[in-house]
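Okay, so here's the structure we're looking at.
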Amino acid sequence: MRRLLARRMKFHLLGAFLVSAGCAVLYKFGVAEPRKRAYAEFYKNYDPMKDFQAMKAAGVLESAPPK
Amino acid sequence: MLASRVFSLVGRRSISTSLCLRAHGHAGVVKAEDYTLPAYVDRRDVPLPEVAFVRDLSAQQQALKEKEKASWSALSVDEKVELYRMKFNETYAEMNKGTNEWKTILGGVLFFLGVTGLILIWQKHFMYGPIPHTFSEEWLSAQTKRMLDMRVNPVEGISAQWDFDKNEWKK
């Protein structure tokens, strides 16, 4: 009973801080970094004109039909 | 003017006094309902509740209470425990003890989830009509081909899983 609120508050404050910091760290290294890497990889050797020609040939562009 | 104000004060006091006499004179005091009186409660943050647990003491317990007024070292251990139990319902250990209620709750939740599942199965079998034709295999494959032709989500999504040179899904 002694210092009941203080003990509980200390425990929960520490826990809340650790849980939220842990969530942030997990998100950064689980989601954000892989995504940044994926985008960097994709655009490293990306040729938009080649992509455009491929889409045109497939016939999905209404104003740029395949010949 | 001052004299009249004094007179009104005196008049009000005399009226209220007579009203009080009338209220208390006839019916007496109304019996207080149980829920209006201070109550006993077993709570972690209330170490000394407003009343003792046992309200109506038996003759034996009253004798013990009389003995309590003397020196406490004259009381035996059993008598001290009896006095404690008269004052409190549960000890802190008993109060804080966990129950097995969570098993009942979990079982109930899972049971009703199962009932819901059965209802859904019944509905799919007896109630719903056929699904749209756009879910057929041919339609879905044509849809996927069109998505790949348009290069939908080429960085992380579906077009990133397709190998455009070999014309197959990436391993």
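The values are calculated or read from the model by the stated rules, or taken from the named source; none is laboratory data. Predicted, not measured: the structure shown is a model, and the values here were computed from it. FYI the Cβ positions are ideal-geometry reconstructions off the backbone, even for glycines, and counts take in every protein chain you see.
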What single numbered condition from (1) away from every other protein chain (no Cβ under 13 Å); (2) surrounded by 11 or more Cβ atoms within 10 Å (Cβ to Cβ) fails to hold for B:ARG146?
(1)
Out of curiosity, is B:TYR84 farther than 30 Å from A:ALA54 by Cβ and within 14 Å of chain A (Cβ to nearest Cβ)?
no
Residue under question is B:LYS69, and the condition is that it be modelled with pLDDT of 90 or more, of a type in the set (Lys, Arg) and loosely packed, with under 10 Cβ neighbours inside 10 Å; does it hold?
yes
Do we have B:GLU90 as of a type in the set (D, E, K, R), away from chain A (no Cβ under 14 Å), outside any helix (DSSP H, G or I) and surrounded by 10 or more Cβ atoms within 10 Å (Cβ to Cβ) here?
yes
Run down A:LEU18, A:LEU4 and say which single residue is surrounded by 10 or more Cβ atoms within 10 Å (Cβ to Cβ), over 27 Å from B:SER159 (Cα atoms) and within 13 Å of chain B (Cβ to nearest Cβ).
A:LEU4
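Residue by residue through segment A:1-49, note down the ones that are aromatic (Phe, Trp, Tyr) and closer than 27 Å to B:VAL46 by Cβ.
Of everything in segment A:1-49, just one residue is aromatic (Phe, Trp, Tyr) and closer than 27 Å to B:VAL46 by Cβ, namely A:PHE11.
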